[in-house]
Amino acid sequence: MADDAGLDAAGPDERLLAEADALYALAPGDFTPARDARARELKREAPELAAAVKGLRRPSVAAWLVDQLVRHDPDRVDELLQVGAALREAQDALSADDLRAFTKQRRQLTASVTTRARALGRQLGTKVSESVAEQVEATLTAAVLDAGAGEAVRTGLLVTALRPAGVDPVDVDAALAVPGAAGHVAVPVDGSGDTEETAGPALRVVPDDPGADDRRRQEAEDALAAAEEALGAAEAELEEVEEEVEDLEARSLQAEARVEELRTRLAEAETRQARVEDQLADAEESRDEQREAVDAARAERDEARQRLSRWT
């Protein structure tokens, strides 16, 4: 059909990118039903596009969280990526001491953005485990160190987390919902920024950040709030489990008492059975003796009748 023209052209189709952008903005649990429903809607007018939409993969929790971070806090992601770009440009001219200082700054900023991502996950109703947080931080680190990974993060179309690849470029196409989508920029949610990527002010790499202390304090407060929330949830869950254990212990004691009662009753029944079996054996012996006595008496009677019949 004419509506499907362009799907085979070089680079991803803009319509597919738009469909994917909308789908990957959804919560993980909503992704699959929304994808399938949209594919059905497109099937009549644009069957090839419908098939491409149907083939979109559900993102991992870590990838989804980075995708949402790009949409909800694009300025912070841009700040991180700009620092990475500036460091890559300046690293050849820096001394070892400066490189160490800048690397520390980069790690602190990456950890800060990861903390923000965890807070965002909670706001969006998704629990973020330590494992997921580690994958998010690894993805952000890869984005800082590798320009291609940074472009992949900006798409908001990650389906799997990224990992720094050292001196080799990061394989981003394998992690993207739409291969070749690098260069696409995720549409921010309302109030989070402009829909178009802006270059922003020129970034200069400096070892000291005047606002770093305030940000770190805020990050520490966010981390404390997250830890207290996690502790509260863990304590509530522990209380429920302890109540369940107490209930099961009580039921176990009741069952044990019932088993002991049944064992006692079984022993008593076995004793009664043995006594009845002894009585039965005695009764059977008496019966056999009595049968012999009856047979003997009957024989004597028959003999007496014969003698009497000879005299009559």
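The values are calculated or read from the model by the stated rules, or taken from the named source; none is laboratory data. Just so it is clear, the structure is predicted and the values come from calculations on it, not from any experiment. Here the Cβ positions follow ideal geometry from the backbone for every residue, glycine too, while neighbour counts run over all protein chains shown. Quick note on the areas: whole protein, heavy atoms, side chains included, nothing else; ligands and nucleic acids left out. Shrake-Rupley method; radii C 1.70, N 1.55, O 1.52, S 1.80 Å.
Among the residues of segment 156-171, count how many are more than 15 Å from Thr114 (Cα to Cα) and surrounded by fewer than 24 Cβ atoms within 10 Å (Cβ to Cβ).
Total satisfying the criteria: 10.
Please go through segment 187-199 and give me each residue that is open to solvent by less than 20 Å² (accessible area, probe 1.4 Å) and at pLDDT below 90, ordered by number.
Result: Ser192, single match.
Taking the condition of being outside any helix (DSSP H, G or I) and over 24 Å from the mean Cα position of the chain (by Cα), how many residues in segment 137-163 meet it?
1
Hey, Leu109 hits all of (1) at pLDDT below 90; (2) within 24 Å of the chain's Cα centre (by Cα) but one; which does it fall short on?
Going through the list (1) at pLDDT below 90; (2) within 24 Å of the chain's Cα centre (by Cα), Leu109 breaks only (2).
For a quick check of your reading of the model, give me the residue pairs whose first member lies in segment 115-127 and is of a type in the set (A, V, I, L, M), whose second is assigned to a loop (DSSP other than H, G, I, E, B), with beta-carbon atoms closer than 8 Å and at least 6 apart or on different chains.
What qualifies is Ala117/Val128; Leu120/Asp73; Leu124/Ala27.
Might you let me know whether segment 170-183 holds any residue that is acidic (Asp, Glu) and over 16 Å from Leu81 (Cα atoms)?
Yes; the residues of segment 170-183 include at least one that is acidic (Asp, Glu) and over 16 Å from Leu81 (Cα atoms).
Check segment 140-155 and report whether any residue there is open to solvent by less than 20 Å² (accessible area, probe 1.4 Å) and under 30 Å from Leu231 (Cβ atoms).
yes
Check Gln290, Gln273, Gln279 and return the single one that is polar (S, T, N, Q), under 60 Å from the mean Cα position of the chain (by Cα) and modelled with pLDDT of 90 or more. Before the answer, list the steps.
Working: Gln290 fails: under 60 Å from the mean Cα position of the chain (by Cα); Gln279 fails: under 60 Å from the mean Cα position of the chain (by Cα).
Only one candidate qualifies: Gln273.
Please note which helices (runs of 4 or more DSSP H) are completely contained in segment 23-83 and include at least 3 residues that are within 24 Å of Arg107 (Cα to Cα) and open to solvent by less than 60 Å² (accessible area, probe 1.4 Å).
Of the helices (runs of 4 or more DSSP H) lying wholly inside segment 23-83, those with at least 3 residues that are within 24 Å of Arg107 (Cα to Cα) and open to solvent by less than 60 Å² (accessible area, probe 1.4 Å) span 61-72.
Return the residues of segment 125-150 that are farther than 24 Å from Arg217 by Cβ and either out of contact with any helix residue (DSSP H, G or I) (no Cβ under 6 Å at 6 or more places or on another chain) or of a type in the set (D, E, K, R) (or both); say none if nothing qualifies. Give the steps one after another, and end with the answer.
The first filter runs over segment 125-150 and keeps only residues farther than 24 Å from Arg217 by Cβ, leaving 125-127, 129, 131-132, 135, 138-139, 142-143, 145-150.
Hits for segment 125-150 are Gly125, Thr126, Lys127, Ser129, Ser131, Ala138, Leu145, Asp146, Ala147, Gly148.
Could you give every pair whose Cβ atoms fall below 9 Å, whose first residue belongs to segment 148-162 and is farther than 20 Å from Ser131 by Cβ, and whose second residue is among the aromatic types (Phe, Trp, Tyr), counting only separations of at least 6 or pairs across chains?
Once the first residue is farther than 20 Å from Ser131 by Cβ and sits in segment 148-162, its partners that are among the aromatic types (Phe, Trp, Tyr) give Thr155/Tyr24; Gly156/Tyr24; Leu157/Tyr24.
Within segment 246-258, can you find the residues that are open to solvent by less than 100 Å² (accessible area, probe 1.4 Å) and of a type in the set (S, T, N, Q)?
Once the filter is applied, which keeps residues that are open to solvent by less than 100 Å² (accessible area, probe 1.4 Å) and of a type in the set (S, T, N, Q), segment 246-258 yields only Ser252.
If I filter segment 105-126 for residues that are surrounded by fewer than 17 Cβ atoms within 10 Å (Cβ to Cβ) and either over 20 Å from Gly156 (Cα atoms) or of a type in the set (Phe, Trp, Tyr) (or both), do I get at least one hit?
yes
Name the one entry in Glu261, Glu243, Glu284 that is part of a helix (DSSP H, G or I), open to solvent by 90 Å² or more (accessible area, probe 1.4 Å) and not polar (S, T, N, Q).
Details: Glu261 fails: open to solvent by 90 Å² or more (accessible area, probe 1.4 Å); Glu284 fails: open to solvent by 90 Å² or more (accessible area, probe 1.4 Å).
None of the others qualify; the one that does is Glu243.
Kindly list, by first and then second residue, each pair from a residue in segment 13-38 that is over 20 Å from Arg154 (Cβ atoms) to a residue that is small (Gly, Ala, Ser) and in a helix (DSSP H, G or I), limited to pairs with Cβ atoms under 9 Å and residues at least 6 apart or on different chains.
Ala34/Ala22; Arg38/Ala22; Arg38/Ala50
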